[in-house]
Amino acid sequence: MTLVRHFSPTDIPQIAEVVNQSLGENYPPSLYLTVHNLWGEGFLVITDDGKVIGFVAAVPTGQKVARVLMIAVLPESRRRSLGKVLMADLYASCRAKGFDTVVLEVRKSNKSAIAFYEREGFAIFGEIKNFYSNGEDAWKMMKSLQN
């Protein structure tokens, strides 16, 4: 059974594995704690039978703006609409906090992620040169939560 819940510091080893397998990154554990401390309600995990299989982490970046820092689902758990479920719960957390806009960055080469965000209602509104550690550029995307 899948369940979405708030991040707990005990999730760090499993989150780190999701990040490694899905994003190819290795971040220090302190990063996850910092994100959690900035806005705990914006750091959500999705579990399957108690195992973390994905997460979304967002922080406030303005009075009414949340920024998605990371969203990832284990490769073997993809194509089950888990990203959509995570984002829906994030939007609810954003609305509860009074946010009306969600922003994020995505690799220009990540066509599947761009398509996912566009299906979620995000639109490209800018770019950032050399955003990623390998020098790749990013698209800046935004979604309004106002109905």
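The number of Lys pairs in the chain with C-alpha atoms less than 18 Å apart, excluding pairs fewer than 8 positions apart on the same chain, is 13.
Per-residue ellipticity at 222 nm from helix content only, as computed over the chain with -39500 (n - 2.57) for each DSSP H run of at least four residues, stands at -10000 deg cm²/dmol. Between the beta carbons of residue 61 and residue 118, assuming R0 = 25 Å, the FRET efficiency works out to 0.75 to the nearest 0.05. Looking at region 2-144 alone, DSSP beta bridges between its own residues are antiparallel in about 90 percent of cases.
In this Cβ point-charge picture (+1 for Lys and Arg, -1 for Asp and Glu), the chain has a dipole of about 380 debye about its Cα centre. Neighbour counting of Cβ atoms within 10 Å sorts the residues 114, 46, fewest neighbours leading, into 114, 46. For the chain, the ratio of Cα radius of gyration to the globular rule of thumb 2.2 N^0.38 Å stands at 0.98.
Within region 95-147, which trypsin sites (Lys or Arg not before Pro) sit in a loop by DSSP and count at most 14 neighbouring Cβ atoms inside 10 Å? Of the trypsin sites (Lys or Arg not before Pro), the ones in loops of region 95-147 whose Cβ has at most 14 other Cβ atoms within 10 Å are 129.
Max-minus-min Cα coordinates of region 77-127 on each principal axis give 33, 30, 13 Å, with the largest extent listed first.
Where a number appears in this text, it was derived from the coordinates with a stated rule and is not lab data. Keep in mind that this is a model prediction, so the values were computed, not measured. Virtual Cβ from ideal backbone geometry, glycine too; neighbours counted across all protein chains shown.
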